[in-house]
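Contents: one structure, followed by commentary.
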Amino acid sequence: MKFKEIERLYQDSLAGQYDLNEAAGIFSLVLESISGWSLNQINIHIMQEASAVQYDSLLAALSELKTGKPVQHVVHTAWFYGKQFEVTADVLIPRPETEELVEWILQSLNPDADVLDIGTGSGCIAITIKSKRADVKVRAMDVSEGALVIAKKNAALHHTEIEFLQEDVLNYSTEQKFDIIVSNPPYITQREKEEMHDHVLLHEPHLALFVTDENPLIFYKAIADLAMNVLKPDGYLFFEINEYLGKEMIAMLKGLNFTDILLKKDMQGKDRMIRCKKGA
């Protein structure tokens with residue numbers, strides 16, 4: 001069977017989950033993983049016959065995808081800021097909006113800065129910062145042992161030296177001081193959970209996703225309290241946030257005497273990230 005025909009098979013088989021363009025993109029990601037071809041090479045070879053091994057591998061991946069498994073978990077990799085990261089069910093799949101947060105951080109970094117990434121997951125934020133700014137010192141923490149296994153693999157893959165810690169931010173303290181603290185903590189409420197797709201609910205770690213309706217800012221408050229103690233003077237705190245809780249976040253940060261609070265929209269026009277400064 002030709003690759004083009006297998007692509008159509010993907011489109012037909014996944015029609016209930018993805019539109020035609022999304023299914024074609026998923027096919028390309030799987031074929032890239034199997035063949036090692038770039039997108040341009042896939043386009044060149046698209047009318048060629050697949051080998052028996054390629055055909056079997058593509059159909060095996062399709063069987064997994066039909067269960068709702070995200071393509072990133074099928075191929076065990078996800079792209080973030082131009083780099084490939086290993087991902088498993090122990091970590092969130094990196095999202096494009098988080099790349100915008102990283103870009104904002106990179107624009108704010110001073111030379112030789114000390115950075116703390118809280119809830120590092122796959123390590124995509126910490127590793128990207130370190131790979132772009134070799135002069136900065138990066139510490140990354142997560143409560144999940146499984147997540148840290150993946151983050152350490154990704155750090156080694158990208159030749160980045162990062163100190164990893166297994167800690168629960170709700171019970172964490174340190175004497176070290178930081179120029180920047182960044183976190184993309186759990187922020188999806190139980191009400192919002194009902195609106196989510198099964199490929200997220202069934203395959204991504206709930207520990208990294210959900211908070212209670214009664215206390216949706218629990219992790220933000222704990223991290224902000226920590227930041228007031230361990231940020232250096234004029235140090236920055238960065239958050240990725242729930243798009244519906246921007247006003248509540250600003251009020252909470254003002255109440256803790258953070259200054260220069262800036263709420264920023266992502267590429268889709270959603271309130272998605274905040275930067276604030278520790279006052280003198």
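Quick check: anything in segment 141-156 without any contact (Cβ under 8 Å) to a residue 12 or more places away in the chain and open to solvent by 10 Å² or more (accessible area, probe 1.4 Å)?
Checked segment 141-156: at least one residue is without any contact (Cβ under 8 Å) to a residue 12 or more places away in the chain and open to solvent by 10 Å² or more (accessible area, probe 1.4 Å).
From ILE93, ILE162, ILE125, which residue is within 18 Å of the chain's Cα centre (by Cα), among the β-branched types (Val, Ile, Thr) and open to solvent by 20 Å² or more (accessible area, probe 1.4 Å)?
Every option except ILE162 fails the conditions.
With respect to LYS177, is the statement that it is touching a Lys or Arg at 6+ places or on another chain (Cβ under 6 Å), open to solvent by 60 Å² or more (accessible area, probe 1.4 Å) and either at pLDDT 95 or above or acidic (Asp, Glu) (or both) true?
Yes, satisfied.
Residues are listed down the side, and each one gets a yes or a no for (1) open to solvent by 40 Å² or more (accessible area, probe 1.4 Å); (2) closer than 19 Å to ASN184 by Cβ; (3) without any contact (Cβ under 8 Å) to a residue 40 or more places away in the chain:
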residue: ILE218; (1), (2), (3): yes, yes, no
residue: ALA222; (1), (2), (3): no, yes, no
residue: LEU231; (1), (2), (3): no, yes, no
residue: LEU245; (1), (2), (3): no, yes, no
residue: ALA251; (1), (2), (3): yes, no, yes
residue: THR259; (1), (2), (3): yes, no, yes
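The values are calculated or read from the model by the stated rules, or taken from the named source; none is laboratory data. Model, not experiment: these values are computed from the prediction. Using ideal geometry, Cβ is built from the backbone for each residue, glycine included, and neighbour counts are taken over all protein chains shown. For the accessible areas, the whole protein counts, side chains as well, though only heavy atoms, and no ligand, DNA or RNA atoms are used. Shrake-Rupley method; radii C 1.70, N 1.55, O 1.52, S 1.80 Å.
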